[in-house]
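The values are calculated or read from the model by the stated rules, or taken from the named source; none is laboratory data. Quantities reported herein were computed from a predicted structural model and do not represent experimental measurements. Cβ placement follows ideal geometry from the backbone for every residue including glycine, while neighbour counts extend to all protein chains displayed.
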Amino acid sequence: MISLEKIGAEAAKNLWVKIRLPQGAMRHKDHRFEWTRQQFADWAQKVARRFGYAVRIDGLGPQDPTVGSPSQMGVFTQHVG
């Protein structure tokens, strides 16, 4: 018997990191949306439940003790077989 896993990943910028930037500054003009860590976790868990995946959420980049990492990532896995 062969056991497989489906794996997917999604990343989003952490909104709270903006407090570390000079007032009015943007990290990059192409950043169309940024979520708080809670907003991202809520979305990822909702998607995981809807499609039968487990999700692990990690920070991407250096960890600020107050606002967390500059980006966040959800790794979705689903056991198939």
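Quick notes on this structure:
- Residues located in the range 47-81, provided they are within 20 Å of GLY8 (Cα to Cα), part of a loop (DSSP other than H, G, I, E, B) and at pLDDT 85 or above: GLY52, TYR53, GLY61
- Of ALA44, ALA12, all but one fail to be at pLDDT below 85, surrounded by 15 or more Cβ atoms within 10 Å (Cβ to Cβ), out of contact with any Cys (no Cβ under 7 Å at 6 or more places or on another chain) and not in a loop (DSSP other than H, G, I, E, B); the exception is ALA12.
- Qualifying residue in the range 23-40 (condition: among the small types (Gly, Ala, Ser) and at pLDDT 90 or above): no
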